[in-house]
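A short reminder: the numbers here are calculations on the coordinates, not readings from a lab. Worth saying up front: this structure is predicted, and the values here are computed from it rather than measured. Glycine also receives a Cβ, built like all others from the backbone with ideal geometry; neighbour counts cover every protein chain displayed.
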């Protein structure tokens, strides 16, 4: 387990310096106070700083990296990943992967990528009190898919508007349905709702 020893005026300052160097939150660590701070005689003679040892015991980045690399290996896919944490989100990008292997990782309409994301989220949050949202992407697939869905939403919205008939889209996962709803929510003469049961739940677009 990775650990650092830091010295500062107060225990909190020493811990903050250690957390910044380790790139983790306090809840992911064990803090050991090696030496309490003291002001010394008259606040000068014999004054001592605080010394702490901070050890990472639950690093979500390492958990995600290890699990994803093992999954790629089991899938016979050659690739690597980059993992970045921003506050309560973990962004994972699968890189250095050829086009055929990328198709395997993404799956039909992103189903395999969603499954990978779900499993990593379970592993990362298994022993945590504060939930971390996990987003897994492969060479910008999710951004391209979002752009495709927004274009589809606008096109089908126009169709529903002028035909005056409901337009039912193909079944989508909750993430993709939210994109459709969001793309059309500010169009005044169009409404959307979802119908059906998972995994066949779909968005219906209709004119008001």
**OP:** Report the extension gain between residue 202 and residue 3 in nm, rounded to one decimal, defined as 0.36 nm multiplied by the number of residues separating them, less their alpha carbon distance.
**Re:** 66.8 nm
Subject >> Potential lengthening between residue 112 and residue 36 on full extension [0.36 nm per residue; Cα-Cα distance subtracted] >> reply: 22.2 nm
**OP:** Could you tell me how many degrees, from 0 to 90 and to the nearest 10, lie between the Cα long axis of helix 60-74 and the main elongation axis, the longest principal axis, of the Cα atoms of the chain?
**Re:** 50
**OP:** Only Cα pairs under 8 Å and at least 6 apart count here; give the relative contact order of segment 60-139 as a rounded whole percent.
**Re:** 33
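Which percent, to the nearest 5, of DSSP beta bridges fully inside the chain are antiparallel?
85
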**OP:** For every helix of n ≥ 4 consecutive DSSP H residues, a contribution of -39,500 (n - 2.57) applies; sum these over the chain, divide by its total residues, and give [θ] at 222 nm rounded to the nearest 500 deg cm²/dmol.
**Re:** -13000 deg cm²/dmol
Subject >> Global geometry of the chain, whether rounded, prolate or oblate, following the gyration tensor of its Cα atoms and the 1.5 cut on a/c >> reply: prolate
**OP:** Would you look at the GNM of the chain, springs on alpha carbons closer than 10 Å, and say which of 25, 146, 170 moves the most?
**Re:** 170
**OP:** Specify the inter-centroid distance of segment 132-151 and segment 92-111, based on alpha-carbon positions, in whole Å.
**Re:** 12
**OP:** Once you have a ≥ b ≥ c as the square roots of the Cα gyration tensor eigenvalues for segment 144-207, tell me rounded if a/c is under 1.5, and otherwise prolate or oblate according to whether a/b is larger than b/c.
**Re:** oblate
Original post:
Helix 11-22: angle to the longest alpha-carbon principal axis of the chain, degrees 0 to 90, nearest 10?
Top reply: 50
Original post:
With each pseudo-label sitting 7 Å past Cα toward Cβ, what's the residue 168-residue 55 distance in nm, one decimal?
Top reply: 5.9
**OP:** Using only Cα atoms, tell me the angle between helix 141-163 and the longest principal axis of the chain; keep it within 0 to 90° and round to the nearest 10.
**Re:** 30
**OP:** Using DSSP, restrict attention to beta bridges with both residues in segment 60-139 and report what percent are antiparallel, rounded to the nearest 5.
**Re:** 55
**OP:** Report, in whole Å, the centroid distance computed from the Cα atoms of segment 1-36 and segment 162-208.
**Re:** 49
Subject >> Which of 49, 130 has the fewest Cβ neighbours within 10 Å, and the rest in rising order >> reply: 130, 49
